[in-house]
Amino acid sequence: MDVDLARSDAVYEHYREHQQDRFRAKLMYGMLAARIRPVVQFASRDRLVRAARSGNPLLIAANHVSERDPLVLAAAGFRSPIRRRIGHMRVLAKDELFEDPEQRRKIDTLGGIPVFRPKDHGVRAAAAAAGQMFGVCVDRMKRGDSIAVFPEGTCNDGDVTRLQKLGTGIGHIAHRALRAGLDISLVSAGIAYPDDDRGRPVVEFGEPIDLSRFRDETPASLTRIIQGDLQHVVDDVYHAA
């Protein structure tokens, strides 16, 4: 089945039910960790361990500074307590990445869910598909999956130490999940590419935030909360780098 906006109903129904091969997913994540060898840091490893073991879905928000970011984040996840979630991780990825069959097999193994971006398809058409995508994310979270998002939507080609304004998509996902009664934890991940240390990327995982206390907030308000926490972690990772 082609990942095509004109068939978004079928596309999202497929990814609502799609289950990645857990063995192959762990193998691929492990290979990425061995090849990329990211430096992984934690604001609180103990709290991240507790969140990963809780069974509640994680909503992972990461900054976007390079096309390598999804692979770097996967490699860092393998070297972190999030490793126990591999096989039940979903990563939002732009639809064009699903065009090549070989690349799509890899993305499906990593847990990809396609996103039709407004900049590629127009605001109205993308908005309708986005509503379907939000529903798929919440359904997957109800089954125990975690969701990883690069909420800036596009690579930051300006000052990488300052986040671009986040799209409200991540706020809508959080809002729908909270309204569905789910207890979810936000985990912000800051990615940096320092010039030293042989070019190894650095990833810092922030302290998990229980979003259940924000259950009555709007999607826009949740987006602002996520932006603030992610910026704090980005500040930390660039200060360390």
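Brief remarks on what is shown
- Every residue from the range 99-119 that is out of contact with any Leu (no Cβ under 9 Å at 6 or more places or on another chain) and open to solvent by 10 Å² or more (accessible area, probe 1.4 Å): E99, D100, P101, E102, R105, K106, D108, R117, P118, K119
- For the range 120-139, a residue qualifies if it is farther than 29 Å from N56 by Cβ and open to solvent by less than 10 Å² (accessible area, probe 1.4 Å), and exactly one does: A126.
- Of the residues making up the range 17-37, those that are buried (at least 17 other Cβ atoms within 10 Å of the Cβ) and either of a type outside the set (S, T, Y) or modelled with pLDDT under 95 (or both) are Q20, A25, M28, L32, A33, I36.
- V40 fulfils the conditions (1) in a helix (DSSP H, G or I); (2) open to solvent by 20 Å² or more (accessible area, probe 1.4 Å) except for a single criterion, (1).
- A10 vs. criteria under 17 Å from M133 (Cα atoms), among the aliphatic types (A, V, I, L, M) and open to solvent by 70 Å² or more (accessible area, probe 1.4 Å): no
- Residues in the range 164-188 that are among the small types (G, A, S), more than 18 Å from G153 (Cα to Cα) and open to solvent by 30 Å² or more (accessible area, probe 1.4 Å): A180, G181.
- If the condition is being among the acidic types (D, E) and surrounded by fewer than 17 Cβ atoms within 10 Å (Cβ to Cβ), then the range 140-155 contributes no residue at all.
- Set R47, R104: member being in contact with a helix residue (DSSP H, G or I) (Cβ under 9 Å, 6 or more places away or on another chain) and among the charged types (D, E, K, R): R104
- V187 in contact with a Leu (Cβ under 7 Å, 6 or more places away or on another chain) and at pLDDT 95 or above: yes
- For the range 54-62, the condition holds for no residue, the condition being that it is under 28 Å from M1 (Cα atoms), in a loop (DSSP other than H, G, I, E, B), open to solvent by 20 Å² or more (accessible area, probe 1.4 Å) and not basic (K, R).
The values are calculated or read from the model by the stated rules, or taken from the named source; none is laboratory data. As the structure is a prediction and not an experimental result, all values here were calculated from the model. In this analysis, Cβ positions are derived from the backbone assuming ideal geometry, glycine residues included, and neighbour counts consider all displayed protein chains. With ligands, DNA and RNA removed, areas are computed over all heavy atoms of the protein, side chains included. Shrake-Rupley method; radii C 1.70, N 1.55, O 1.52, S 1.80 Å.
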